[in-house]
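Q: Could you have a look at this structure, given as structure tokens, before my questions?
The values are calculated or read from the model by the stated rules, or taken from the named source; none is laboratory data. Here the structure is a predicted model, which means the values were calculated and not measured. Note: ideal-geometry Cβ built from the backbone for every residue, glycine included; neighbour counts use all protein chains shown. Only protein heavy atoms, including side chains, enter the accessible area calculation; ligands, DNA and RNA are left aside. Shrake-Rupley method; radii C 1.70, N 1.55, O 1.52, S 1.80 Å.
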Amino acid sequence: MVFSSTLFLFLFLPVAVTLHLILPGRCRNALLLAASLFFYAWGGVGYIIILIVITALDYAAGLILPRLHSGRGKKAFLAAVIACNIGTLAFFKLADLLLGTANSLFSADLPILGLALPIGISFYTFQALSYVIDVYRNKVSPQRSVINFFTFVTLFPQLIAGPIVRYTDIEHELSDRAVTPSAFASGVSRFAIGLGKKVLLANTMGEIFRTASSGELTTLLAWCASLAYMFQIYFDFSGYSDMAIGLGRMLGFRFPENFRYPYEADSITDFWRRWHITLSSWFREYLYIPLGGNRRGLLRQILNLLIVWACTGFWHGGAWNFLFWGLYFFLILMLEKLFLLRVLEKLPMFVRRIYSLLLVFFSWVLFAWEDTEGLFSMIRALFGVGVPLSSDRSVFVLLGAASLFIICAVFSTHIPAALWRRGEQRLGGEGAHVICRAAAAFSIIFLSTAFLVGGSYNPFLYFKF
Amino acid sequence: MNEKKHDLPARVVSILFLAVLFAGGIGIFLFQKDKSEVENRFLQTLPVPDADSVLSGEWQEKFETFTSDQFPFRDAFNAVGVTVRYALGSRLVGGSVIGRTPDGEIRMFEEITEDPKRAERVEKTLASVDALAGTGVRTVLLAAPSAGAVYKDDLPAFAPVPDAEINAALSGSRKFLTVSPDLTADESLYFRTDHHWTARGAGLAYRAYAEALGLSPTETSFETVSTGFYGTLHSRAPLPFIKPDILEVPTLDVSGVRVRAGGGFGGYDSLSDIDLYSKDALDAKDKYQYFLGGNYGLAVIENETAGDGVLFVFKDSFANCFVPYLTSHYGRIIMIDPRYYRGSYEDLRALFLDADPDCVLVLYEASNLAADTYLSPMLGALSGE
């Protein structure tokens, strides 16, 4: 089930949230668990088994780990649990990629499995693993309640598209949480903002991307298509995170923030502190630092970064372009670490921003095209090689998209939020703020509903994550 | 106590939020409709689950469609969505290109998609018409220009103009006779909310056809049968505040005309009587179906007062509004719509030889002809390839 559907918005959400509000505290997690499993099973009954098995494994591991004596045995046990988790993930992501590549390299005829990636597996595996590793490190005490642990892993707001919530983030709220009216109301606003980002901006950009990238390419169309994709992926992903955070608040949880105006970054290093924050901090905490981080000399640090970025690439999808996408960032981050950041610091801010935006722009081109043919023809078109500069159709597409591009550009910055806050300061008390925010939220929900029921383009981007 | 008071606005907002969502959710189940008049399509009603459909996910998919199809005030919401897109500058909504007439009225066009294979397909189709003409039967091609080619100036700025491929292909020399009506006279020749031509547009094409074949065209005036026609282009982009189209018919004497139609499987015997003008369509959304009541694989139009000329027509829906003009010139008109014809090619060949037509007319809208893949194999079978 996706958030941006009439089914979720008008049936699942009100029923689940209302039941959660009126049920006594001790039944709440059981309700959330049941609701989450229903939410997950809606799209396909089959893959729920994988979700349950992995969660059960990590639950058991959490109970067993503290009983083992520190040392080799405990380490081996942890390694085995991690291998099971990552192995499942890697199998679904990479099996077909490797088989297909082997077939084309050695002209072999290995059968392709044709497995669909279980939705959300990249997210829930990482969440559950963070728990197991933290238990191993004695950072948290194991969760004894099956219901609480399963609720943590399957919690429907963040189950299929993040943010990646670590056990430590919501450990306390899992057993004891209150939903205050003001938290709920702030959740409503946050959810509405996310819904608007997804339905009004991301979907519209997706449609422009689709129109602009189909048919005869021109340089103008290639730039339109790539720009539309750049906006689509940001508003889709950050919109989904906003909806998850908002839903979390309605249920009494505080999920970590996932985006901080990434297109305002002044370097790629900065970009990755603002984009999908819970993923990069997960990799730092559970991969980069255990590998030794920057504590074992420059060469080792470079190697560690290489490993982290190769993994980040494949985390996003089982195709070679995602690996290249990860390595592209590895390369830039390396250069920034070695000398580029020092150079950038001396440049004016707008140059730094343009530098980051351009590099991010090309990273999304790499990200968008899984087939090399599509990728190369797009890159050629972007640089005007072998295609006309423009055509009537290109100008037509641009004219239809222009005002939306401007809206997306404005909403990629902190300016609308800052203006809103300034407006609120002029208004009276807290009560007036709540009412204004609610009015905005209801308007966005109304307009999003108008876009949704008309059956306009509403893709689901996370099937490959 | 104090805190409660402080919380009041937030409490109200929370309750209102849930109440609004519940109202929408409950509304889905009330007042179910099985058809959308505005969009001219069937809607998904509440699907009944069974073990198989739930396990395969088919039921869930239908249920999701149900929740958006039966959403309360769906048409109004849809109109809001379309209006916002249009206001933000989008001139391509739901596959309809939205332009304006010189008078400031909205005129909608079919979207012209990029299709690198189009030129090749046009050539193949025209070659099959040519091959039929090569067998000795008099063959006429009438490609009705697409609305976007007629009203270029009404298209939104920089929108692609259709029909380039077919116009280029028709400039070569062919064995068949090409009728190219000039339809640039005024704004009333095509509907503004539908991709079809009007009876006036078809009337001008009829004059050009009669001239080319040496027939003397019947003079007609027009009679309005409906003033509230919103066509299929409007169904896809239901902008509010649009002036409806007017549906007119030519004043022809069709009292001696008999029409039989069907899918074509089983030949003439399987056909049933229909009306040349279907009054029922005037109560429905797609009022263009007034002409012949829609498309049939095989239709036979006979007029006992029109002599014994026989015309064989291969056509799309543009012919439905055109053939009434021909009923006074041919005693028998046999119409094949290749997209809907259900008989075999052998049956068709037998039918064709038996009819022994004086003339074959291929009548399509130009962009439809350029997209068609049914006609060329059918004509190929007829000309014995």
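Q: Considering every residue within the range B:359-381, establish whether at least one is touching a strand residue (DSSP E or B) at 6+ places or on another chain (Cβ under 9 Å), assigned to a loop (DSSP other than H, G, I, E, B) and closer than 24 Å to residue B:137 by Cα.
A: Yes: the range B:359-381 contains one or more residues that are touching a strand residue (DSSP E or B) at 6+ places or on another chain (Cβ under 9 Å), assigned to a loop (DSSP other than H, G, I, E, B) and closer than 24 Å to residue B:137 by Cα.
Q: Take the residues in the range B:54-68 that are more than 8 Å from chain A (Cβ to nearest Cβ) and farther than 17 Å from residue A:12 by Cα; name whichever of them is surrounded by the fewest Cβ atoms within 10 Å (Cβ to Cβ). If you could, list the steps in order and put the result at the bottom.
A: Just the residues of the range B:54-68 that are more than 8 Å from chain A (Cβ to nearest Cβ), to begin with: B:56, B:58-59, B:61-62, B:65-66.
Checking the rest, the ones that are also farther than 17 Å from residue A:12 by Cα come to B:56, B:58.
Working: B:56: 12, B:58: 14.
Ranking the candidates gives B:56 first.
Q: Something else: Of all residues in the range B:8-53 being hydrophobic (A, V, I, L, M, F, W, C) and touching a Pro at 6+ places or on another chain (Cβ under 6 Å), which is farthest from the other protein chains (Cβ to nearest Cβ)?
A: B:38
Q: Here are some conditions: (1) open to solvent by 30 Å² or more (accessible area, probe 1.4 Å); (2) within 29 Å of residue A:188 (Cβ to Cβ); (3) part of a helix (DSSP H, G or I); (4) in contact with a Gly (Cβ under 8 Å, 6 or more places away or on another chain). Residue A:119 meets all but one. Which one does it not meet?
A: Of everything listed in (1) open to solvent by 30 Å² or more (accessible area, probe 1.4 Å); (2) within 29 Å of residue A:188 (Cβ to Cβ); (3) part of a helix (DSSP H, G or I); (4) in contact with a Gly (Cβ under 8 Å, 6 or more places away or on another chain), residue A:119 misses just condition (3).
Q: Further question: Taking the range B:113-150 as the search range and keeping residues that are in contact with a Gly (Cβ under 9 Å, 6 or more places away or on another chain) and assigned to a loop (DSSP other than H, G, I, E, B), which one is nearest to the other protein chains (Cβ to nearest Cβ)?
A: Filtering the range B:113-150 for residues that are in contact with a Gly (Cβ under 9 Å, 6 or more places away or on another chain) and assigned to a loop (DSSP other than H, G, I, E, B), the one nearest to the other protein chains (Cβ to nearest Cβ) comes out as B:114.
Q: So which residues in the range B:278-302 are in contact (Cβ under 8 Å) with a residue 60 or more places away in the chain and in a helix (DSSP H, G or I), if there are any at all?
A: Hits for the range B:278-302 are B:287, B:288, B:290.
Q: Would you mind finding the one in B:244, B:240 that is open to solvent by 30 Å² or more (accessible area, probe 1.4 Å), closer than 30 Å to residue B:87 by Cβ, touching a helix residue (DSSP H, G or I) at 6+ places or on another chain (Cβ under 7 Å) and not acidic (Asp, Glu)?
A: Of B:244, B:240, the one residue that is open to solvent by 30 Å² or more (accessible area, probe 1.4 Å), closer than 30 Å to residue B:87 by Cβ, touching a helix residue (DSSP H, G or I) at 6+ places or on another chain (Cβ under 7 Å) and not acidic (Asp, Glu) is B:240.
Q: Name the one entry in A:135, A:140 that is modelled with pLDDT of 90 or more, part of a helix (DSSP H, G or I) and either in the same structural domain as residue A:282 (by TED's automatic domain parsing) or β-branched (Val, Ile, Thr) (or both).
A: A:135
Q: I'd like to verify a number: residues in the range B:163-177 that are free of Cβ contacts under 8 Å to residues at least 60 places away in the same chain, open to solvent by less than 50 Å² (accessible area, probe 1.4 Å) and under 15 Å from residue B:144 (Cα atoms), how many?
A: Here the count works out to 2.
Q: Anything in the range A:262-289 that is out of contact with any helix residue (DSSP H, G or I) (no Cβ under 6 Å at 6 or more places or on another chain) and within 23 Å of residue A:359 (Cα to Cα)? List them, or say none.
A: A:263, A:264, A:270, A:273, A:276, A:277, A:278, A:279, A:281, A:284
Q: Going through B:91, B:107, B:121 one at a time, which residue ends up being in the same structural domain as residue B:289 (by TED's automatic domain parsing), at pLDDT 90 or above, open to solvent by 30 Å² or more (accessible area, probe 1.4 Å) and among the charged types (D, E, K, R)?
A: From the options B:91, B:107, B:121, the qualifying one is B:121.
Q: Find the residue count for the range A:308-352, including only residues that are within 20 Å of the chain's Cα centre (by Cα) and not polar (S, T, N, Q).
A: Start the filter on the range A:308-352 by keeping residues that are within 20 Å of the chain's Cα centre (by Cα), which leaves A:308-330.
From what's left, not polar (S, T, N, Q): A:308-311, A:313-320, A:322-330.
Number of matching residues: 21.
Q: Give the residue that is nearest to the other protein chains (Cβ to nearest Cβ), with candidates limited to residues of the range A:386-401 that are closer than 20 Å to residue B:85 by Cβ and open to solvent by 40 Å² or more (accessible area, probe 1.4 Å).
A: Going through the qualifying residues, I end up with A:399.
Q: Would you please list the contacts, defined by Cβ atoms under 7 Å and residues six or more apart or on different chains, that run from a residue in the range A:193-215 that is within 12 Å of chain B (Cβ to nearest Cβ) and outside any helix (DSSP H, G or I) to a residue that is open to solvent by 30 Å² or more (accessible area, probe 1.4 Å) and among the charged types (D, E, K, R)?
A: A:214/B:114; A:215/B:114
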